[in-house]
Amino acid sequence: MKLLRVILTRFYKVMFWLLGKSFHKDYRLIMFESFLGKQYSDNPRAIYEYMTAHYPDYRLLWSVDRHHKKVFKTLGIPYVTRFTPSWMIYMNKAALWVTNSRLPQWIPKPADTIYLQTWHGTPLKKLGTDIDSVLMPGTDTEKYKQNFIAESRKWDHLISPNPYSTEIFKRAFHFYGVMLETGYPRNDYLFHNDDAVFQDYIRTKLNLPEGKKVILYAPTWRDDDYHARGKYKFELQFDAGRMQAALGDDYVILLRLHYLIAENLDLSPYEGFLYDCSGYEDVRDLYLVSDMLITDYSSVFFDYANLKRPMIFYTYDLEHYREDIRGFYFDFEKLAPGPLVKTTEALTDAVRKTETTDFNAEYDTARFRARFCALEDGEAAKRVSDRIICQLER
């Protein structure tokens, strides 16, 4: 299997290079990709939507994994299937690449293509070369860091959501290109659609029961718990039956797993209480429809903070994650904008407490937003797009 992977990688690299020599550059073509071609979402989507509305003279095309075409077909989004000959041609012809995660190491960036890396979150857990010990399958610490540096050298521009992230990104990614400290384009949506009418629309779309509050549960993945390379395990670490008994009359829970998690959970025993929304096209709608967020160490809470709604951190493995898996950039226990809990009972109590507590005052979320969300104003996609298009048209 390893030998076959090496052979295929070399073949793809040669094919990509040869096709790049065979076609002229199209300076009106822009390629987009989100989470390895698995989603129509995140910062690339926000930039795509802005450019579609304001730069109609450009041809915008998505790079899509062959297993995740459905949403693009349904929405009529133009796309090309990843790793096909057509994809290699378009990637070579494009004047601009826009993606939020690393591209395969074997892909050579054409010299006259601009690579905009949007990344996908404000960092709590350590990133890139800041990780002390890499536990992910298929690599080791030194190889992982070398590959990350080789990839970041291809990036011409990198988006940062705040000054805090800028400092970390430069160091952890060994990034020496142009930093666009603009706020995250994906959060513009939260400013433009935070109203009751839109929330009712999403509730209907998800077939949620009327009269119940919505909890979004969005945990991250664990580097050391996996099926195979790029496919991570997940099990619910709270007692869903007890949660349903305690909260089911008043709440429903939307489960949103990380894109690297490869599980098909059987939630049938909790029908009408637990909804698996992992395959939903973009988490942004789930933010807006939810009354509170439960997460752990995922960067989703930095984005959700813009909505000024309660957040609870279910950190059942806090010490292990902090000491053995990743480590944090700041004192999470001290600065988290919400309570950290470790048991089902404590989690249930924390949910109930949000009904009576002035959440924002108790956890000083204004101070948190001042540090991490100050650039968010609904105009980040404009700032990024105008800057990049201006460069393309020079």
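The values are calculated or read from the model by the stated rules, or taken from the named source; none is laboratory data. Everything quoted here is computed from the prediction, not taken from an experiment. Reconstructed Cβ throughout: ideal geometry from the backbone, glycine too, with neighbour counts over all protein chains shown. Please note that ligands, DNA and RNA were not included when accessible areas were found on the heavy atoms of the full protein model with its side chains. Shrake-Rupley method; radii C 1.70, N 1.55, O 1.52, S 1.80 Å.
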*Have a look at F83, F72, F32, F11 and point out the one that is more than 26 Å from P123 (Cα to Cα) and open to solvent by less than 60 Å² (accessible area, probe 1.4 Å).*
F72
*Which of the residues spanning region 278-305 are among the hydrophobic types (A, V, I, L, M, F, W, C), touching a Phe, Trp or Tyr at 6+ places or on another chain (Cβ under 9 Å) and part of a helix (DSSP H, G or I)?*
L286, L288, V289, V300, F301, F302, A305
_Members of region 151-166 found to be touching a residue at least 40 places away in the same chain (Cβ under 8 Å), in a loop (DSSP other than H, G, I, E, B) and under 27 Å from P110 (Cβ atoms), listed by number_ = K154, W155, D156
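Scan region 327-346 for residues that are in a loop (DSSP other than H, G, I, E, B) and open to solvent by less than 20 Å² (accessible area, probe 1.4 Å) and report the count.
Result for region 327-346: 4.
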*Identify, please: which residue in region 103-150 is hydrophobic (A, V, I, L, M, F, W, C) and open to solvent by 30 Å² or more (accessible area, probe 1.4 Å) and is, among those, farthest from I89 (Cα to Cα)?*
L135
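Checking the conditions here, which among F169, F191 is of a type outside the set (K, R), within 20 Å of the chain's Cα centre (by Cα), surrounded by 20 or more Cβ atoms within 10 Å (Cβ to Cβ) and not in a loop (DSSP other than H, G, I, E, B)? Show your work before the answer.
Details: F191 fails: surrounded by 20 or more Cβ atoms within 10 Å (Cβ to Cβ).
Only one candidate qualifies: F169.
From the list I294, I325, I312, exactly one residue is β-branched (V, I, T) and touching a Gly at 6+ places or on another chain (Cβ under 8 Å). Which is it?
Numbers: I294 fails: touching a Gly at 6+ places or on another chain (Cβ under 8 Å); I325 fails: touching a Gly at 6+ places or on another chain (Cβ under 8 Å).
Just one listed residue meets the conditions, I312.
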*Considering only residues of region 173-191 that are of a type outside the set (F, W, Y) and in contact with a strand residue (DSSP E or B) (Cβ under 7 Å, 6 or more places away or on another chain), which is nearest to L288 (Cα to Cα)?*
T182
